[in-house]
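Read through the structure below, which is laid out as structure tokens, and then see the notes.
The values are calculated or read from the model by the stated rules, or taken from the named source; none is laboratory data. Because the structure is predicted, anything quoted here is derived from the model rather than measured. Here the Cβ positions follow ideal geometry from the backbone for every residue, glycine too, while neighbour counts run over all protein chains shown. These accessible areas exclude ligands, DNA and RNA; they are computed on the full protein's heavy atoms, side chains included. Shrake-Rupley method; radii C 1.70, N 1.55, O 1.52, S 1.80 Å.
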There are 2 protein chains.
Amino acid sequence: MANMQEYRQETLKWLAEEYHDLNGSQYDILDDLPTPLEFSRIVHIGRPVLIRAGAIPSSSDSYAWSKQWIAERMGDRAISVAVTPNGRADAVTRGADNKLYFAEPMTQKMSMTALLETLSSDGSAATLEPQHADEKSGEVHYLQSQNGNLFSSRYYELSGEEDPSEFEPLREKPDAVNLWIGDEKSVTSIHSDPYENIYTVLRGSKQFTLLPPTEGWCLQERRYPHATYVRSPTTSRLELVPSPPETPLVRWSSVTDPTVPGSLPAEAHPMHITVNAGETLYLPAGWWHYVRQRGFTVAVNYWYDMEGRGMSWVWLNFLRGTEEPPLGNPEDADGQRD
Amino acid sequence: MANMQEYRQETLKWLAEEYHDLNGSQYDILDDLPTPLEFSRIVHIGRPVLIRAGAIPSSSDSYAWSKQWIAERMGDRAISVAVTPNGRADAVTRGADNKLYFAEPMTQKMSMTALLETLSSDGSAATLEPQHADEKSGEVHYLQSQNGNLFSSRYYELSGEEDPSEFEPLREKPDAVNLWIGDEKSVTSIHSDPYENIYTVLRGSKQFTLLPPTEGWCLQERRYPHATYVRSPTTSRLELVPSPPETPLVRWSSVTDPTVPGSLPAEAHPMHITVNAGETLYLPAGWWHYVRQRGFTVAVNYWYDMEGRGMSWVWLNFLRGTEEPPLGNPEDADGQRD
């Protein structure tokens, strides 16, 4: 069995090396949005492409998507915001009991105006240094709900009257999926999605650190118990509360920051792509991504189902491995096997 | 080392099973030629598609591509024809010394009229039973040159005057690559190509037996010494003449006829697709194909380079294996290692 894992590891290293020898670590840059035929070929190649054109018309307008522009439209509408003490939502975090958990943020309803007030100053003058979190609470706010907050596919089955979206006043294109509003205090931990991802930055900039699907083994996935940030009734501070033991373990990378030197093995070839306001990134299905932002940042991303027929799905499953990875807290080996 | 091969074998079986569970053994049928965008998506999926429309305009005309129609245009022009004693060109064949060889046909210049006379009777009444080979010589003729006999890419760099093609009078579309003229006496042994293949039958019918790239391991590739059919000056009969020992061994499937029950392991899922006159098959790069024909058969195929970027090339290499397969004549183990 040990041999088996060694052989699988050798196979994964061979595939990663061959893939890199053939494709390198470069990415293509397009000045305009591709045609449907061009995009179909880009998806077939499955490499990231930076498009120096926005998929949102107003993204060229310097006033559009500014704090003031958003506040004027959203006013005091209640929106759902992810709140954490450290800006690391959906990330592996050490709990009060010193164990590692996959930590989900607290979701809090607040007004757009209240959210904007907690975020870094807007505009090109945004500091590059992380600011202090919201002085009042020490908490970090990020509009990052990934359930189609700008549009869900359900929207198309609904009439305008019963539109479930909280963001109707911001809607500009009928196929946008998620709206992201935050600043450098929020970071997205490295993960991959089974979706073709079109990511347009409207304000500020996002810094993506990418690994191809062939290098997923470099990220050492582990299984972590689930926990959620909850506001304590007594201290009114956020506490990380473990979920009931029957909650399935969450499979996640044990590399918390792939930009830290030495956090990845020598065989990894991370790509760094900065997407500025008005630019669009094509992020192929299965690519691993770690995302930081600079100052006040607004983005919209479009998710499309990947092509399920043919080889793609089988290869992604093979590269990621169908066997369960080790436990993130080895001492749980007795109790936690699920 | 033995373990390594066992693990690789297990991995290949797992991939083949997952691929089949996801995709089955069906193939899509289209009534019309796909648009470029539709075709790009078809190539991304990489599954065979039968198109009930010809890529050659005249393929709907019942007189076009008949023996008479071809003879009227080609007359006595000399063309290059593959000649074998058994209809199995580019196939593993046992030599007079009882050893197995990869046998190349003799290439003989003859007139189109002379070729047509050796082939089965034309038209829908073509017998389904193999006919006797050319009574006079016992030899089988097949126009099957695969070097772009109708067009080569070089053609596009040449002016009309210096067109190297022997088939200018038959040319109807500028991107046709190979013209195939033969009958049921000729069979194409199972192999795969690194090209996207568009195959249009103009007369008669072709029966393809296909295996996906994930099932290449079922075909047990071996390395065979190279040999060529040569006409004996004394007997004037074809003899299989081994090439010089320094000639590289040829890697080829040891399964001579995958349609014979028991010739493939139980894990194989061969697909059988008959392509009739006026129909077109999209044969994806890397798919294994064994091809038979019914009666007098004319076909044109178009080869396109496969997309070299991304994963496709790496996966095909992994599935086929980069290590050299065993020798086809194990007793050669001492002398023949190359």
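Looking at (1) crowded, with 18+ Cβ neighbours inside 10 Å; (2) touching a strand residue (DSSP E or B) at 6+ places or on another chain (Cβ under 6 Å); (3) more than 14 Å from chain B (Cβ to nearest Cβ), find the lone condition where A:L264 falls short.
Going through the list (1) crowded, with 18+ Cβ neighbours inside 10 Å; (2) touching a strand residue (DSSP E or B) at 6+ places or on another chain (Cβ under 6 Å); (3) more than 14 Å from chain B (Cβ to nearest Cβ), A:L264 breaks only (2).
Test each condition in (1) within 14 Å of chain A (Cβ to nearest Cβ); (2) surrounded by 20 or more Cβ atoms within 10 Å (Cβ to Cβ) for B:V275 and report the one that comes out false.
(1)
Condition (residue is open to solvent by less than 20 Å² (accessible area, probe 1.4 Å) and either more than 23 Å from A:K99 (Cα to Cα) or modelled with pLDDT of 95 or more (or both)) applied to the stretch A:239-249: is it met by at least one residue?
No, because not a single residue in the stretch A:239-249 is open to solvent by less than 20 Å² (accessible area, probe 1.4 Å) and either more than 23 Å from A:K99 (Cα to Cα) or modelled with pLDDT of 95 or more (or both).
Residue pairs, Cβ under 8 Å, 6 or more apart or interchain, first in the stretch A:229-252 and under 20 Å from A:Y142 (Cα atoms) and of a type in the set (D, E), second open to solvent by 50 Å² or more (accessible area, probe 1.4 Å) and part of a strand (DSSP E or B). List them.
Partner pairs satisfying both residue conditions: A:E239/A:V230; A:E239/A:R231.
Residue under question is B:R231, and the condition is that it be charged (D, E, K, R), crowded, with 19+ Cβ neighbours inside 10 Å and either at pLDDT 90 or above or closer than 21 Å to B:W287 by Cα (or both); does it hold?
Working: charged (D, E, K, R): yes; crowded, with 19+ Cβ neighbours inside 10 Å: no; either at pLDDT 90 or above or closer than 21 Å to B:W287 by Cα (or both): yes.
Against the criterion (charged (D, E, K, R), crowded, with 19+ Cβ neighbours inside 10 Å and either at pLDDT 90 or above or closer than 21 Å to B:W287 by Cα (or both)), B:R231 does not qualify.
What pairs can you find where one residue is in the stretch A:1-29 and of a type in the set (K, R), the other is surrounded by 13 or more Cβ atoms within 10 Å (Cβ to Cβ), and their Cβ atoms are less than 9 Å apart, with a gap of 6+ or different chains?
Listed by first residue and then by second, the contacts come to A:R8/A:W217; A:R8/A:G321; A:R8/B:Y7; A:R8/B:T11; A:K13/A:W217; A:K13/A:E267.
Closer than 25 Å to A:W14 by Cβ, within 10 Å of chain A (Cβ to nearest Cβ), modelled with pLDDT under 95 and surrounded by 15 or more Cβ atoms within 10 Å (Cβ to Cβ): is that true of B:Y19 in this structure?
When the stated conditions are applied, B:Y19 does not pass them.
Tell me, which strands (runs of 3 or more DSSP E) lie completely within the stretch B:225-308 with 2 or more residues that are touching a helix residue (DSSP H, G or I) at 6+ places or on another chain (Cβ under 8 Å) and not aliphatic (A, V, I, L, M)?
B:288-305
Need the failing condition index for B:D97 against (1) farther than 30 Å from B:S120 by Cβ; (2) modelled with pLDDT under 90; (3) more than 11 Å from chain A (Cβ to nearest Cβ), just the number.
Result: B:D97 passes all but (2).
Please go through the stretch B:190-202 and pick out each residue that is open to solvent by 10 Å² or more (accessible area, probe 1.4 Å) and at pLDDT 95 or above.
Result: B:H191, B:S192.
Given (1) open to solvent by 10 Å² or more (accessible area, probe 1.4 Å); (2) touching a strand residue (DSSP E or B) at 6+ places or on another chain (Cβ under 8 Å), where does A:W65 come up short, assuming only one miss?
So A:W65 meets the others, but not (1).
Any idea which of (1) within 14 Å of chain A (Cβ to nearest Cβ); (2) of a type in the set (A, V, I, L, M, F, W, C); (3) within 18 Å of the chain's Cα centre (by Cα) is the one B:L319 doesn't satisfy?
So the condition that B:L319 fails would be (3).
Among the residues of the stretch B:9-27, are any touching a Leu at 6+ places or on another chain (Cβ under 6 Å) and among the β-branched types (V, I, T)?
no
Across the stretch A:203-213, what is the number of residues that are more than 14 Å from chain B (Cβ to nearest Cβ) and more than 15 Å from A:V49 (Cα to Cα)?
Counting residues in the stretch A:203-213 that are more than 14 Å from chain B (Cβ to nearest Cβ) and more than 15 Å from A:V49 (Cα to Cα) gives 3.
Kindly indicate whether B:R223 is in contact with a Lys or Arg (Cβ under 9 Å, 6 or more places away or on another chain), of a type in the set (D, E, K, R) and open to solvent by less than 30 Å² (accessible area, probe 1.4 Å). Walk me through how you get there before you give the answer.
Values: in contact with a Lys or Arg (Cβ under 9 Å, 6 or more places away or on another chain): yes; of a type in the set (D, E, K, R): yes; open to solvent by less than 30 Å² (accessible area, probe 1.4 Å): yes.
So B:R223 passes the test.
I'd like the residue in the stretch B:23-53 that is within 10 Å of chain A (Cβ to nearest Cβ) and of a type in the set (D, E, K, R) and, out of all such residues, is surrounded by the most Cβ atoms within 10 Å (Cβ to Cβ).
B:R47
Does B:S62 satisfy the criteria of being of a type outside the set (F, W, Y) and away from chain A (no Cβ under 14 Å)? Explain how you work it out, then say what you get.
On the way: of a type outside the set (F, W, Y): yes; away from chain A (no Cβ under 14 Å): yes.
Criteria met by B:S62.
Please give the number of the condition B:V43 fails out of (1) in contact with a helix residue (DSSP H, G or I) (Cβ under 7 Å, 6 or more places away or on another chain); (2) without any contact (Cβ under 8 Å) to a residue 12 or more places away in the chain; (3) not acidic (D, E).
Result: B:V43 passes all but (2).
Restricting to the stretch B:279-305, name every residue that is crowded, with 16+ Cβ neighbours inside 10 Å, out of contact with any Phe, Trp or Tyr (no Cβ under 6 Å at 6 or more places or on another chain) and within 14 Å of chain A (Cβ to nearest Cβ).
Listed by number, the residues that qualify are B:Y282, B:P284, B:G286, B:W287.
For the stretch A:193-213, what are the residues that are outside any strand (DSSP E or B) and of a type in the set (D, E)?
Within the stretch A:193-213, just A:D193 meets the criteria.
Which ones in the stretch B:190-240 are more than 28 Å from B:M306 (Cα to Cα) and of a type in the set (V, I, T)?
Hits for the stretch B:190-240 are B:T228, B:V230, B:T234, B:T235.
Looking at the stretch A:1-16 only, could you name the residues that are over 20 Å from A:S192 (Cβ atoms) and either more than 7 Å from chain B (Cβ to nearest Cβ) or surrounded by 15 or more Cβ atoms within 10 Å (Cβ to Cβ) (or both)?
Of everything in the stretch A:1-16, those that are over 20 Å from A:S192 (Cβ atoms) and either more than 7 Å from chain B (Cβ to nearest Cβ) or surrounded by 15 or more Cβ atoms within 10 Å (Cβ to Cβ) (or both) turn out to be A:M1, A:A2, A:Q5, A:E6, A:Y7, A:E10, A:W14.
Given the criteria in contact with a strand residue (DSSP E or B) (Cβ under 8 Å, 6 or more places away or on another chain), surrounded by 22 or more Cβ atoms within 10 Å (Cβ to Cβ), away from chain A (no Cβ under 14 Å) and of a type in the set (G, A, S), does B:G216 qualify?
No; evaluated as a whole, the condition is false for this residue.
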